[in-house]
1. Exceeding 30 Å between C-alpha atoms, which entries from my cross-link table qualify? They are LYS78/LYS610; LYS209/LYS515; LYS48/LYS78.
2. Over 10 Å intervals from 0, what percent of Cα-Cα pairs in segment 1-92 sits in each interval?
3. Over the Cα atoms, compute the radius of gyration (one decimal) and Dmax (the largest Cα-Cα distance, rounded to a whole number) for segment 421-551, in Å.
4. Of the heavy-atom accessible surface of segment 17-84 (probe 1.4 angstrom), what whole percent is carbon and sulfur?
5. For a quick protection proxy, order the peptides 638-649, 544-555, 314-325 by their average other-Cβ count within 10 Å, most packed first.
6. Would you mind getting me the FRET efficiency between SER227 and LEU659? Use the beta-carbon distance for r and R0 = 56 Å, nearest 0.05.
7. All other residues with a Cβ under 10 Å from the Cβ of PRO554 taken together, and with Lys, Arg as +1 and Asp, Glu as -1, what is their net charge?
8. Normalised by the empirical 2.2 N^0.38 Å for globular proteins, what value does the Cα Rg of segment 175-267 take?
Amino acid sequence: YPYIMSVTREKLLAFVARAQYRPAKMKELARLLGVPQAEYRDFRRLVKDVVAEGLLVRGHHNRYVPPTALNQAVGRLKVHARGFGLVARSGGESDIFIPVADIREALDGDLVRVALTTAVSQRGEPLGRIVEIVEKMAGEIVGTYRMRGRRVVVEPDGSGVNRDIYLDEAPVAIAEGYKVVVRIVARDRGYDGLRGKIVEVLGDPEDPKLDFLTLVRRFDLKAEFASEVEAEAAKATIDLDVSRREDLRSLSCFTIDPDAARDFDDAVSLEPNEDGGCTLGVHIADVSHYVRRGSALDGAARERGTSVYLLDRVIHMLPERLAAEICSLAPGTDRPAVSVFMRLNAAGQLGDYRIVESVIHSAARLTYGQVQSLFDGREEAAGPAVDLAAELAAMRDLAAKRTALRLDRGALDFALDQPRVEIDDASRPVALGRYPRWESHRLVEEFMLLANECVADYVLRRDLPVLYRVHRSPSPSSMVELGTLVSSMRIDLGPGDVVKPRDLQLFLAGIAGRKDEAMINKMVLRAMSRAEYAPESAIHFGLACQPYLHFTSPIRRYPDLWVHRVLKDHLAGNEHVADVGEEGLEALGRWASARERRAEEVERIYVRTKQMRYMERHIGERFAGVVTGVLRGGFFVEVGDFMVDGFCLLRTLDDFYELDERRHRLVGRRGRRVFEMGTEVEVVIAAVDWVTREMDLALVEEVPRQTRGKRRKKKR
């Protein structure tokens, strides 16, 4: 918070959390806290901001109390495609389940106040009902223009708004099915109570280039930077200032990134020590040297929170001149960096470390494919990696030792490939597949993890105000559900519902090599809590370590940039380093976590849309598949090697199938055929709708029936 006041946000929250606190009105609260008259206006603003965060509630007779005092909570509403809602709470508390009838007029993204009940959902989440919309969702909604008799409506994209938006005025020259942007102008009860006004016509969704623009508008992404931000970026020049930095330009270091990488923010080096160990260097671009606190660049970076990486483009957190040029550790150039040197023994165990501001000179820009080619003995495809063969061999050995040590402490290691979608210049998908997880990927991951752990240890010991990366233990309800799922596959997860990282690690090791290994890994990953940013250090469940933070990607993540700024302040001996937290680290952590989730959702939707556009060309074709999930109405199947799934409806089959909820499987009443996770099937692509990102499948033996395949795409 920007207020320079005698009563801080932390002091206010601590005061109202006391057992002896009695609900007080604004002026009474100010008097109890001893707020001077000159600060009263700012104090009112502070209280209102804390209410907007959901940490304080204005209750009966305008008296302020913590939400817990009323058995209430405040959080952001997320509306599911099936109509129910989840209200997210910060910290380790589970989300609150809101039944369809209790959502009332609230929309996805609203900040809502929820009254908790004594009941719980089927998955164990606390049940609640929305009693107040604290802050209405701002922004605009993307949808499809439709005719409903004499009325015109917009069908919203996604699951956030589960009803049509009625238009008071019929717009001119908009074709049925076109994508539009609509602004909500009224919320009332009734089927036509949600009314809006079209503010922009995006165009025909048949154009694959519209996929990007639709997501930009739907998620309010900033594809362009403001003129003052671009002006600051244009003025940036490379300033080495070797006098106050450690000159490492003679050190052999290099970058390893994907083929299509657009920025390079980390380089690595390795030097042997006399005792048989080595010194690993991780050198991170000194982005905070160019992005000063309080500048327009800093404001834009904080607003975005993270870069968004799509298949054929990037929405950078920083202007491209900084992200891809000035800050990037390009080969053959001198660049300022922050370097972490870690001394390890012959077994790969960490001895000590040191952190310095530096100047480096990257010797080469390597790709994961080149390094892997070298590891596989295919030197003809290794490019410049051949010239660094000795160093890479030593790094390979060290990475293997670090992986073994990390697994030994209980860290999880998911065996998951990533979907591959190739896009042409017209933004059309031309190929689907999967990216394998190479040894070269693991090498870089291990080194970055170790650097992050060292920096986290350094700042925690000195109590510096940073954002830690927190991954809390999975909830008991999610573990019970996972245990039920895997037991249906005749796999033992172990006793009890309280799980430790090592328990899951041993479980994953036990299913290694199975045909359904990747599917089980996905199930375990879904059962995990979501990692988030927080000002207090806590366990990182997946890595089985504490403390941990993000330091190695300041070009694309704001929390990393924040850590750099605080760390450099401390290294330079600046006394104001302790004041960095005055802007509200807890609020910044929630903001950064929300921005990260938004980016992940955008990236997921973009990939799925392109996958569906590709699969539409294969309607009527047969593919092998494997069942990945069952519901009462059908089952999901992952098709071929495309890393894309579709749904097969039970009503298209010749038998009547019943859901065995305990064993999570479908059983035919007459033929006793069983569909469960891992069942191999052969399917036909029956229908694809890339607008809704849905794909319908039919079992091969059921193809002669005419109920499937005849379903046509919605008119556009």
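The values are calculated or read from the model by the stated rules, or taken from the named source; none is laboratory data. Just so we're clear, the structure is a prediction, and the values are computed from it rather than from any experiment. Every residue, glycine among them, receives a Cβ derived from its backbone with ideal geometry; neighbour counts consider all protein chains shown. Side chains included, ligands, DNA and RNA excluded: accessible areas come from the protein's heavy atoms. Shrake-Rupley method; radii C 1.70, N 1.55, O 1.52, S 1.80 Å.
1. LYS209/LYS515
2. Reading upward from the zero bin: 15, 46, 26, 10, 3, 0.
3. Taking only Cα atoms of segment 421-551, I get Rg and Dmax of 18.3, 53 Å.
4. Here carbon and sulfur together make up 49 percent of the probe-accessible area.
5. In descending order of packing, they fall as 544-555, 314-325, 638-649.
6. Working from the Cβ atoms, E equals 0.45.
7. Residues close to PRO554 contribute a combined charge of -1.
8. 1.92
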